[in-house]
Amino acid sequence: MRQRKAKARQRIIDCTYACVAEGGFRSARITRIAALSEVATGTIYRHFESREDLFAEVFRRATQREVDKVAEALATEGDATVRLEHALRQFAERAIRGPVMAWSLIAEPVDPKVEEERLTYRKAYANLFESAIREGIRDDCIPDQDASQSSTCLVGAIAESLVGPLSPAQADGNVRITPEDKNALVDSIIRFCMQGLTGTRK
């Protein structure tokens, strides 16, 4: 019985994730999720107290994947500047490749409970960047600065710079971004972030 319940709960989460990846949280309607999960609508509320609880769980899982990818990038070889640039590029390129999900995680208007998760994970990114910045300061490859504040600025800069390109208005208006444009966008974002962090021009 416990296994069946666990499988049903996971199926609901997976189907909700698929709905969000396709059209954002706004398109993830409970009736549709129930149909995709092959359960009754009431079954969803036996696993989750509310729609907001379900969305918060999906947000947590989706964002944790992205945080883990940034952590992996920061664990590669090279000094702190090399690893930070790699991590920022990983963030931006993954967002560009999955624009609907990225918009949902970064900027889509969401319920307060989901917004709390967004703030928690922005802090998680900042903590990762802060550790790398402190290491860079210690190794003299990054100028002395307030590592905590700088890490928060990095998160804000990269997230805000992606809001426009990821916006559903781009797709709704049939605005096409070429691969060259995407590469130029990512390069521009990374250059801005690294110049601000290191005080040097590339």
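The values are calculated or read from the model by the stated rules, or taken from the named source; none is laboratory data. This is a predicted model, so every value here is computed, not measured. Backbone-built Cβ (ideal geometry, glycine too); neighbour counts: all protein chains shown. With ligands, DNA and RNA removed, areas are computed over all heavy atoms of the protein, side chains included. Shrake-Rupley method; radii C 1.70, N 1.55, O 1.52, S 1.80 Å.
Shape descriptor for segment 17-91: Rg over Rh equals 1.20 (Cα atoms; Rh from the Kirkwood inverse mean 1/r). Dipole orientation for segment 5-114: of the candidates A8, F91, V114, A8 has the Cα lying most toward the positive pole (charges on Cβ; Lys, Arg +1; Asp, Glu -1). Tell me, what is the FRET efficiency for S148 and T31 to the nearest 0.05, using R0 = 41 angstrom and their Cβ-Cβ distance as r? Computed FRET efficiency for S148 and T31: 0.40. Taking 0.36 nm per residue of separation and subtracting the current Cα-Cα distance, fully stretching the chain between S131 and E93 would add 11.5 nm.
Projecting label points 7 angstrom from Cα along Cα→Cβ for K182 and A157 puts them 2.4 nm apart.
Compared with the dominant Cα axis of the chain, that is its longest principal axis, helix 51-74 is turned about 30°. In straight-distance terms, cross-link reach from K69 covers every one of the aspartates and glutamates whose alpha-carbon lies under 17 Å from its own, apart from those fewer than eight places away in the same chain; here that gives E77, E85, E93, E130.
Split the accessible area of the chain by element, probe 1.4 Å, and carbon with sulfur accounts for 50%. Given R0 = 41 Å, the distance between the Cβ atoms of R4 and K123 translates into a calculated FRET efficiency of 0.70. How large is the Rg to Rh ratio of segment 115-195 when both quantities use alpha carbon positions and Rh follows Kirkwood? Radius of gyration over Kirkwood radius for segment 115-195 works out to 1.07. When every Cα-Cα distance of the chain is counted in 10 angstrom steps from zero, the calculated P(r) takes the values 8, 32, 30, 20, 9, 2, 0 percent. Estimated from helices alone, the mean residue ellipticity of the chain at 222 nm is -26000 deg cm²/dmol (sum of -39500 (n - 2.57) over DSSP H runs with n ≥ 4, per residue).
Here the chain is treated with +1 on each Lys and Arg Cβ and -1 on each Asp and Glu Cβ, and its dipole about the Cα centre works out to around 980 debye. Stretching E38 away from S167 to a fully extended chain increases their span by 43.3 nm, per 0.36 nm per residue minus the current alpha-carbon distance. Spin-label model, D53/V67: points 7 Å from Cα along the beta carbon direction are separated by 2.1 nm. Pairs of Cα atoms nearer than 8 Å and 6+ residues apart set the relative contact order; for segment 63-176 it is 30 percent.
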